[in-house]
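These notes concern the structure reproduced below.
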Amino acid sequence: MQTMTVSERRACRALGQHRSTQRKVPRGRDDEEELTSDLVVLAEKYGRDSYRKISALLKAAGWFVNDKRVERIWRREGLKVPAKQPKRRRIWDNDGSCVRLRPEHRNYVWSYDFVEARTQDGRKIRMLNVVDEFTHECLAIRVARKLKAIDVIDVLSDLFILRGVPGHIRSDNGPEFVAKAVQAWITGVGAKTAYITPGSLWENGYVESFNARLLDELLNGEIFYTLR
């Protein structure tokens, strides 16, 4: 294989490139190492689910940095970058209205579900989380070793007194939620139950998203020795 010898001056002229670019060594930014260190610390502390969240935390800490730079460092350090979620086909009635109940204002739709964890001795913990789908606010977290239908009613009754009665309460088809006592009590106070299709967890996406973050940012990152 033959090589052609061309002077630097001639090559740069042909490419329209200044000759100084052949001698300048890229330095990078002076704060790159410090920024990377702070980014990794935040990712370890607050979970590795979203570089945008870490970018917001960096800005709150005083860094003047954009999301693109954070994403570049995030990928370079091998941190988790969420995969793009595939679009789901929506379900429609014959009249064109969406079957899925959507939150229209505060207290229009609440959703609730359980999360399970364990204390250091291996004993199970159950957490009942209630979320307002419109504001994305977590309204209550009840923690106990066991939670049954009567506990569901107890949590909701406290919330109804504090927040008023919502229009609908969405849940999966767990036995604590479909119990006749729970259904009768919710209907009796003027709310409506909205049960998702079995196996379609995406229909309960608001509380599922909250539970996933609770697991990632707290329960999976801390050791609990007692229920308290």
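Read-outs throughout are calculated quantities, based only on the coordinates presented, and are distinct from any laboratory measurement. Predicted model, so just to flag it, every value in this text is computed and none were measured. Every residue, glycine as well, gets a Cβ built from its backbone with ideal geometry; the counts of neighbours run over all protein chains shown.
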Looking at the chain as a GNM with Cα springs under 10 Å, which of ARG106, ARG19, ARG126 has the largest mean-square fluctuation? ARG19
Could you sort 165-172, 135-142 so that the peptide with the highest average Cβ count within 10 Å comes first and the rest follow in order? 165-172, 135-142
Counting only DSSP beta bridges with both residues in the chain, what percent are antiparallel, rounded to the nearest 5? 70
In a Gaussian network model of the chain with springs linking alpha carbons closer than 10 Å, the residue among GLY188, GLY174, GLY16 that fluctuates most is GLY16
Per the helix-only calculation at 222 nm, which mean residue ellipticity applies to the chain, given -39500 (n - 2.57) for every DSSP H run of n ≥ 4 and division by its residues, nearest 500 deg cm²/dmol? -10500 deg cm²/dmol
Can you give the extra length, in nm with one decimal, that the chain gains between TRP202 and ILE223 once fully stretched, where that is 0.36 nm per residue apart less the Cα-Cα distance? 4.6 nm
Pairs from LYS45/LYS146; LYS124/LYS148; LYS148/LYS192; LYS45/LYS68 whose Cα-Cα separation, in the structure shown, is over 26 Å: LYS45/LYS146
From the list (1) 1.12; (2) 1.53; (3) 1.02, can you say which value of Cα Rg over 2.2 N^0.38 Å was derived from the structure given? (2)
Given a Förster distance of 22 Å, report the FRET efficiency between ARG72 and ARG213 from their Cβ-Cβ distance, rounded to the nearest 0.05. 0.35
